[in-house]
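This report refers to the structure that appears directly beneath it.
Laboratory data are not the source of any read-out in this text; all were calculated from the coordinates shown. None of these values were measured; they are calculated from a predicted model. Please note: Cβ atoms are built from the backbone with ideal geometry, for glycine as well, and neighbour counts cover all protein chains shown.
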Amino acid sequence: MYKIKSRLIMGGLLIATLSCSVSGCKKDQPNEQPEQTRSSQKDILTFEFFKADNSNLTADYNTLQTGNTIAATLPSGTNLSALKAAFTVSKNAVVLVNGQLQTSQVSVNNFTQPVIYTVKAEDGSTKNYTVTITTR
C-alpha cells in the first residue's frame with residue numbers, strides 16, 4: 001500500500017512539474033492593438049481673409065502661396081494688427097502661432113510683421129509657413 005501511495009504522489013508531482021514547465025514556456029500575447037501609422041502631412045491648403053470675419057475689410061482676400069511663403073496685399077489703411085485668417089490644413093494637423101493653437105476664422109493675429117504659422121502633423125513633425133501681409 002505504501003508503494004501505491006508513493007507512486008501516486010510521485011505521479012502527481014510529475015504531472016504538476018510538467019504542467020508548470022509547459023505553461024512557463026507559453027509566450028504572452030500582447031493585448032495592445034498594433035499602433036496605426038500616424039500621418040506626416042502638414043500642409044496649409046488654403047489661406048484667406050474674409051470680410052465676414054474681419055470688420056475692417058471691405059471684401060474677401062485670397063493669398064498667394066509659394067512653397068512655405070504666403071503673401072497677400074490688402075487695401076491701404078487696413079488695420080493689420082488684428083486679423084482673423086481662414087485656413088485649411090492637412091487632415092489631423094493642427095496650427096500654432098508662437099506656440100498657441102490656432103482656429104481658422106477665430107484666432108486673431110498681428111500681421112504688421114511676418115507671422116510664422118507652424119503646422120504640426122499627426123506624427124508630431126512640423127512645417128513652418130511665413131505669412132506676410134502688406135497694404136497698398
Evaluate the range 47-60: report whether one residue or more is of a type in the set (K, R), farther than 15 Å from T134 by Cα and within 21 Å of the chain's Cα centre (by Cα). no
T135 - would you say it is surrounded by 12 or more Cβ atoms within 10 Å (Cβ to Cβ) and farther than 24 Å from Q41 by Cα? yes
Hits in the range 90-114 (condition: buried (at least 19 other Cβ atoms within 10 Å of the Cβ) and hydrophobic (A, V, I, L, M, F, W, C)): A93, V95, F111
Just to verify a result, which residue in the range 37-89, among those that are in a loop (DSSP other than H, G, I, E, B), out of contact with any strand residue (DSSP E or B) (no Cβ under 8 Å at 6 or more places or on another chain) and of a type in the set (V, I, T), is surrounded by the fewest Cβ atoms within 10 Å (Cβ to Cβ)? T37
